[in-house]
Ligand code: SF4
Ligand code: SF4
């Protein structure tokens, strides 16, 4: 078999099945990444969602013993929503990050990878493959960078010249010796817009991300959000796009190639108040198919409460007061108390005092006290 010719066939097939960019790299160890991960671990910058075994994350042969090459794929996603609904005084809205618009991208990429696998197996029956998207051991970004899909921007995204950083990435390790592509030159140059705009200073020293400070990660945590970040998340319900929207390479990049990625505006930019009282069943029906639902409804509800505080939405007080008194989850009761104090208004001090008297959870009591302190400041 002519290996280069086969590679061209694979590239042509990838276009047919809706893969927007494909690149190839060797299955060698990711040395540079290893060093970066060790430093990240030492500095405590990891989110805790990663595969804990660094060796596995940088050594493809640990995942497929005869690994010879890795295929990296990228699918462009939309950056602009058609008919985006307006947030009004009565009905404030939150926002899901672009990577959570439309159907869960894990499903979409797995579909493309599985089609690619079938094609490879048809042509090379004894080929061995192992595919992954996001939750796999390998770093999608490190693979994409080495396979020439794009360069690794200072905002820690892979930036493609064609689609900007609005791309989903996935990869497939194979035992077939596909010739590697050349990595791309870093094109950030002296730009540092993303570093300057990050609301929490999570982008540190030359393209390192302190995940513990990154809003994208913080919106996915389940406990109380640390006080210093509560006013920083704004109306973000899930994820954060700020360091991408500010990137000059992303200017004007908005691709609508894949029907499944089109956002339903009522889901991607949902009204906040109805989110607070949603049953598990309603939540599953409405949000179950998007990637932003993977941590369940509690973190999203907590973030919706913070967003209502951000808007100082007095129309939400009745719902928030009800949550503070009645919700079985301490994080929701406490965050609601904090938000009630932030929003302020007649009678809220009385409600907070009443809640304090009957509250048994010490953490929630602390939050009620914070709420009362805001009211007293006013
Ligand atoms: Fe900062 Fe948001 Fe980018 Fe995270 S996603 S690094 S918080 S701008
Ligand atoms: Fe690079 Fe500038 Fe984009 Fe940041 S904003 S990723 S520095 S080009």
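The values are calculated or read from the model by the stated rules, or taken from the named source; none is laboratory data. Given the structure is predicted, the values throughout are model-derived calculations rather than measurements. Cβ placement follows ideal geometry from the backbone for every residue including glycine, while neighbour counts extend to all protein chains displayed.
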Problem set entry | residue 289 being out of contact with any strand residue (DSSP E or B) (no Cβ under 7 Å at 6 or more places or on another chain), under 30 Å from residue 188 (Cα atoms) and either assigned to a loop (DSSP other than H, G, I, E, B) or more than 16 Å from ligand 1 (Cβ to nearest atom) (or both) | no
Exercise. Within the group 191, 198, which residue is away from ligand 1 (no atom under 14 Å from the Cβ) and free of Cβ contacts under 8 Å to residues at least 60 places away in the same chain?
Worked result: 191
Seminar exercise, completed: Of the residues in the stretch 140-166, those that are buried (at least 21 other Cβ atoms within 10 Å of the Cβ) and out of contact with any strand residue (DSSP E or B) (no Cβ under 7 Å at 6 or more places or on another chain) number 3
Problem set entry | Members of the stretch 2-36 found to be touching a residue at least 40 places away in the same chain (Cβ under 8 Å) and over 23 Å from residue 182 (Cβ atoms), listed by number | 17, 18
Exercise. Mind checking whether some residue in the stretch 236-243 is modelled with pLDDT under 95 and either within 16 Å of ligand 2 (Cβ to nearest atom) or not in a loop (DSSP other than H, G, I, E, B) (or both)?
Worked result: no
For this session: Hey, can you tell me all the residues within the stretch 183-207 that are under 22 Å from residue 72 (Cβ atoms), surrounded by fewer than 16 Cβ atoms within 10 Å (Cβ to Cβ) and in contact with a helix residue (DSSP H, G or I) (Cβ under 9 Å, 6 or more places away or on another chain)?
Result: 187
For this session: Might you let me know whether the stretch 246-265 holds any residue that is surrounded by fewer than 18 Cβ atoms within 10 Å (Cβ to Cβ) and near ligand 1 (Cβ under 9 Å from one of its atoms)?
Result: yes
For this session: Could you check how many residues of the stretch 54-66 are in contact with a strand residue (DSSP E or B) (Cβ under 6 Å, 6 or more places away or on another chain) and either farther than 16 Å from residue 117 by Cβ or crowded, with 21+ Cβ neighbours inside 10 Å (or both)?
Result: 1
Exercise. Looking only at residues in the stretch 22-53 that are at pLDDT 90 or above and touching a strand residue (DSSP E or B) at 6+ places or on another chain (Cβ under 9 Å), which one is nearest to residue 137 (Cα to Cα)?
Worked result: 27
Exercise. Hey, any hits in the stretch 244-254 for a residue that's away from ligand 2 (no atom under 16 Å from the Cβ) and part of a helix (DSSP H, G or I)?
Worked result: no
For this session: Tell me, yes or no, whether the stretch 332-340 has at least one residue that is touching a residue at least 24 places away in the same chain (Cβ under 8 Å) and not in a helix (DSSP H, G or I).
Result: no
Problem set entry | Selection from the stretch 266-290 of residues that are over 18 Å from the mean Cα position of the chain (by Cα) and touching a residue at least 60 places away in the same chain (Cβ under 8 Å) | 266, 271, 272, 273, 275
Seminar exercise, completed: Restricting attention to the stretch 167-219, the residues that are more than 14 Å from ligand 2 (Cβ to nearest atom), assigned to a loop (DSSP other than H, G, I, E, B), touching a strand residue (DSSP E or B) at 6+ places or on another chain (Cβ under 9 Å) and closer than 20 Å to residue 29 by Cα number exactly 8
Exercise. Any idea which residue in the stretch 19-40 is nearest to residue 146 (Cα to Cα), counting only those that are in contact with a helix residue (DSSP H, G or I) (Cβ under 7 Å, 6 or more places away or on another chain) and surrounded by fewer than 16 Cβ atoms within 10 Å (Cβ to Cβ)?
Worked result: 29
